[in-house]
Amino acid sequence: MSRWVVLSLAAFVSACIAARALSRENPEVALRTLPLHWGVGGSHAAAVDLTGLPIRRDTVFFYEHLLGKYPRFWNGRPENGGTPHRADLAGHIEKVRQDVKRAIPDPGWNGFAVIDFESWHPIWELCPSQFQRLAAEQVRSENSWLDAAGAARLAKARHESAARTFVLQTIELCKSVRPAARWGFFNSPADGQQAFVEKAPWLWEAQTAFFPVVSVDKQGIEQGVPKPGQADVALYRAHARRAVEVAKRVAGDKPVIAIGWLRYPEFNEAFALQFLEEFDLIELLREPRSAGADGLIFWDNVSEPSLATQYQNYLRITLRPLLDRARER
């Protein structure tokens, strides 16, 4: 057994013990001891006033289409080569340097920097099926003698080699430009990726922070009851714990900062884009801490003044009173 595997298993056991210990706390203790971070961006995000709230403005998201020359398929068409194998790596790295300096002007900034690469994963099996299909088609168009299976095998080999280089050079450049920041990839590793963590020790070693996603998707009054349906609460808690624990399994002593949304996602048919009901907000605030997370980042994109106003009202009417009550107990 390799030294890295032994260390990762030891870290995983420690994380499980810590999570169980936290879960035995009074739920209000877990809620009020969770450090909160503001990762909300967009053209009107600055209009949201956080005065009086225990939330730090110390998080920046770098989206794939805005950081460097990220290769991907968008609407079925290749951008920047489509796959890492065909990327302009030198041009990408130079643009990353410029993009990071523009987004973080202060060379000594020590917040959390989240690289949000989602169109593909360095591990082939974790890539979206559409990306796999288009990457294989790209390979076959260049090698017409290959059958479908052969093209898929070559696409995988090329991808995993080129993707590793692309990802490592990206994050190492970011760390060199803003060395005090804590850098990591969005939701990597994620809930559902437990079986693959041993395949990419280089990816976990390169990150200086981990950002698992623990957003509430479908829960609460969507089920037609005045409080969360027990089955849905159990599913959410299990998801949040798995997401945090798989990150802690590879993090060692690096921070694990969960990412959550204060609104329901678009695919929530009953409450799409509405703000969380209080009982769901409590789950979002409490479960990451109970699972052992070192903090929670609120994410969103506020591109309209009306949404900024809605956020301000939600923070004033729902979030702040909840946090105040927790601190008083």
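Taking the residues in the range 77-90 that are buried (at least 20 other Cβ atoms within 10 Å of the Cβ) and touching a residue at least 60 places away in the same chain (Cβ under 8 Å) as candidates, determine which candidate is nearest to Q130 (Cα to Cα). Once the filter is applied, the top-ranked residue is T83.
Assess whether V29 counts as being farther than 19 Å from L262 by Cβ, modelled with pLDDT under 95, surrounded by 15 or more Cβ atoms within 10 Å (Cβ to Cβ) and of a type in the set (V, I, T).
Here the answer is yes, as V29 does meet what is asked.
Checked against (1) at pLDDT below 55; (2) farther than 23 Å from R182 by Cβ, R86 passes all but a single condition, namely (1). Residue pairs whose Cβ atoms lie under 8 Å apart, separated by 6 or more positions or on different chains, with the first residue in the range 118-143 and in a loop (DSSP other than H, G, I, E, B) and the second β-branched (V, I, T) and at pLDDT 95 or above, are W120/T83; P122/V167.
For A163, the conditions (1) over 24 Å from V213 (Cα atoms); (2) among the aliphatic types (A, V, I, L, M); (3) part of a helix (DSSP H, G or I) are fulfilled apart from (1). Within the range 230-251, the set of residues being exposed (fewer than 15 other Cβ atoms within 10 Å of the Cβ) and modelled with pLDDT of 95 or more is empty.
Checked against (1) exposed (fewer than 13 other Cβ atoms within 10 Å of the Cβ); (2) in contact (Cβ under 8 Å) with a residue 40 or more places away in the chain; (3) part of a helix (DSSP H, G or I), G108 passes all but a single condition, namely (3).
Cβ-Cβ contacts under 6 Å between residues 6 or more apart (or on different chains), taken from a first residue in the range 252-266 that is part of a strand (DSSP E or B) to a second residue that is of a type in the set (K, R) and modelled with pLDDT of 95 or more, are listed as V256/K248.
Taking the range 37-76 on its own, how many of its residues are surrounded by 15 or more Cβ atoms within 10 Å (Cβ to Cβ), of a type outside the set (S, T, Y) and within 17 Å of the chain's Cα centre (by Cα)?
11
Taken residue by residue, the range 255-268 has at least one member that is under 30 Å from G81 (Cβ atoms), modelled with pLDDT of 95 or more and not charged (D, E, K, R). Every listed requirement among (1) part of a helix (DSSP H, G or I); (2) buried (at least 17 other Cβ atoms within 10 Å of the Cβ); (3) modelled with pLDDT under 95 is met by L34 save one, (1).
Taking residues in the range 158-184 that are within 21 Å of V60 (Cβ to Cβ), and partners anywhere that are crowded, with 17+ Cβ neighbours inside 10 Å and of a type in the set (K, R), the pairs with Cβ atoms closer than 7 Å and at least 6 places apart or on different chains are W183/K175. Reported count of residues in the range 267-305, each being polar (S, T, N, Q) and assigned to a loop (DSSP other than H, G, I, E, B), is 3.
Would it be correct to say that A308 is loosely packed, with under 15 Cβ neighbours inside 10 Å, over 18 Å from the mean Cα position of the chain (by Cα) and of a type in the set (A, V, I, L, M, F, W, C)? No, not satisfied.
Residues in the range 236-245: is at least one within 16 Å of T208 (Cα to Cα) and touching a helix residue (DSSP H, G or I) at 6+ places or on another chain (Cβ under 7 Å)?
Yes.
With respect to I317, is the statement that it is surrounded by 14 or more Cβ atoms within 10 Å (Cβ to Cβ) and either over 23 Å from S188 (Cβ atoms) or of a type in the set (A, V, I, L, M) (or both) true?
For I317, the condition - surrounded by 14 or more Cβ atoms within 10 Å (Cβ to Cβ) and either over 23 Å from S188 (Cβ atoms) or of a type in the set (A, V, I, L, M) (or both) - is not met.
The values are calculated or read from the model by the stated rules, or taken from the named source; none is laboratory data. Because the structure is a prediction, the values reported are computed rather than measured. Cβ: placed from backbone, ideal geometry, glycine included. Neighbour counts: every protein chain shown.
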